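> Sharing a structure here in structure tokens format.
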Amino acid sequence: MPNKRSILEAPKPKKPIPIGLNGACVWVTGATSGIGRALVVQLVEAGNFVIASGRNKEALGRLAAELGCRVKILPFDVTESDMAVTRAALQEITDYLDCVIACAGICEYEDTLDFEPDKYQRVFETNFLGVIRTLHLAKPLLLNSQVRGQFVAIGSLSSVLPFPRAQAYGAAKAALEYFVKSARIDLSRHALDMTLVRPGFVSTPLVSENDFAMPFMITPEQAARRIITGVNRRKALIDFPRRLSWPLRFLSLFDGLWVRFVGPKITRV
Ligand SMILES: NC(=O)c1ccc[n+]([C@@H]2O[C@H](COP(=O)([O-])OP(=O)(O)OC[C@H]3O[C@@H](n4cnc5c(N)ncnc54)[C@H](OP(=O)(O)O)[C@@H]3O)[C@@H](O)[C@H]2O)c1
């Protein structure tokens, strides 16, 4: 395990990434499954040191066993309000972070039109406030980075247009998008870049029970590659796949027509 900056003395990366994330200290939340797990694997293969978080300690243990000494696990429930233990554990591992990728997320649909507040609370606690908590813990360490720190939040293309049954999930991702863009403005003077990622459909447990068409689905490994490429380029916004994001971005110019004419044709509740 790197004792603070000893990461920089680690062996050469197997698959170097051209710019940026190479020998960096990166914290990934949501690392036990799906996109977050694929990110940890690829970041480690590229020679970075990764702190991997999630709630599932067995899955974290398996990840560490598979990837060896370049991974340190940090169990962290992003909904926990008392973060003192996590803060202490994080600072025990490192006194700086170059990059944080806030990937933890859940999805719940509005199937009954009861608008049950508990559902909205659960989704916002994880998908919105969970990212804020992660940033709150990480910011002092990101400001200690010898390069310019980067905080990456995983949003969703669902925030581009309103989709049926996605009131809780889409609203939390839209709130996250606003937050990241607004925080990017204020943090620009504080040596910290904010990046928003908006994936389309990715074949992970999150969408495994979806019973509707998911066009242009990609694998978590493909998603992780696109995220790392975009992060390396310090992009403010990383959308993929383009064959889905570009049509959605175009349609969002006519969102009034979408809500009035197209949405009602695809809703099932
Ligand atoms: N899959 C897609 O099509 C898609 C599309 C757009 C955006 N996204 C976004 O991509 C991100 C990753 O999703 P995924 O598809 O990879 O889903 P996934 O395979 O279900 O992974 C979700 C991860 O979030 C973690 N997590 C959930 N609740 C948590 C909590 N309270 N505290 C800490 N960690 C928590 C889970 O770990 P533990 O259970 O161990 O805590 C797991 O590692 C999410 O933000 C999701 O909204 C996914």
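The values are calculated or read from the model by the stated rules, or taken from the named source; none is laboratory data. In this text the structure is predicted, and so the values were computed from the model without any measurement. Glycine gets a Cβ as well: all are built from the backbone with ideal geometry, and neighbour counts include every protein chain shown. Ligands, DNA and RNA are excluded from the accessible area calculation, which covers all protein heavy atoms including side chains. Shrake-Rupley method; radii C 1.70, N 1.55, O 1.52, S 1.80 Å.
> Sort Cys107, Cys69 by heavy-atom solvent-accessible area, probe 1.4 angstrom, most to least.
Listed by decreasing accessible area, they come as Cys69, Cys107.
> How many angstrom lie between the C-alpha centres of the stretch 218-269 and the stretch 143-169?
12
> Going 7 Å from the Cα of Val269 toward and past its Cβ, which residues in the stretch 166-194 have a backbone nitrogen under 16 Å from where you end up?
166-173, by backbone N distance to the label point.
> Next question. Among 136-148, 56-68, 94-106, how do they line up from the highest to the lowest mean number of other beta-carbon atoms within 10 Å?
So the order, starting with the most tightly packed, is 94-106, 136-148, 56-68.
> Can you give me the % of accessible surface on the chain that is carbon or sulfur? Probe 1.4 Å, all protein chains present, nothing else counted.
Answer for the chain is 56 percent, counting heavy atoms of protein chains only.
> Now, a different point. Rounded to the nearest 500, what is the 222 nm mean residue ellipticity of the chain from helices alone, with -39500 (n - 2.57) per DSSP H run of 4+ residues and division by all residues?
That calculation yields -11500 deg cm²/dmol at 222 nm.
> Right, here's the next one. Give the long-range amide H neighbours of Phe240: residues separated by 5 or more places, or on another chain, with amide H under 5 Å away, using H modelled in the peptide plane at 1.01 Å from N.
Counting only residues 5 or more places away or on other chains, the set is Arg198, Gly200.
> Sorting check: for 233-243, 73-83, which peptide has the highest mean count of neighbouring beta carbons within 10 Å, and how do the rest follow?
Order by mean packing, descending: 73-83, 233-243.
> Then there is this: Specify the residue with the greatest mean-square fluctuation among Phe212, Phe49, Phe254, computed from a Gaussian network of the chain linking alpha-carbon atoms under 10 Å apart.
It is Phe212.
> Regarding the chain, what's the average projected area of the Cα-atom convex hull, expressed in nm²?
So the mean shadow area of the Cα hull is 14.2 nm².
> Going by a ≥ b ≥ c, the root eigenvalues of the Cα gyration tensor, does the stretch 41-114 fall in the rounded group (a/c under 1.5), the prolate group (a/b larger than b/c) or the oblate group?
Here the stretch 41-114 falls in the prolate category.
> What percent does the relative contact order of the chain come to when contacts are Cα pairs within less than 8 Å and at least six residues apart?
Reported relative contact order: 18 percent.
> Loop-only GluC sites (Glu not before Pro) in the stretch 133-227, please: DSSP not H, G, I, E or B, and at most 15 other Cβ atoms within 10 Å.
Those satisfying the criteria are Glu209.
> For the chain, what are the DSSP H helices with axial Cα length of 24 Å or more and mean Kyte-Doolittle hydropathy of at least 0.0?
Going by DSSP H runs, the hits are 167-187.
> Further question: Measuring from label point to label point, each 7 Å out along Cα→Cβ, what is the Gln91 to Ala191 span in nm?
Label-label distance for Gln91 and Ala191, simple model: 1.9 nm.
> Please give the charge dipole size of the stretch 50-147, origin at the Cα centre, charges +1 on K and R Cβ atoms and -1 on D and E Cβ atoms. Round to the nearest 20 debye.
Roughly 560 debye, rounded to the nearest 20.
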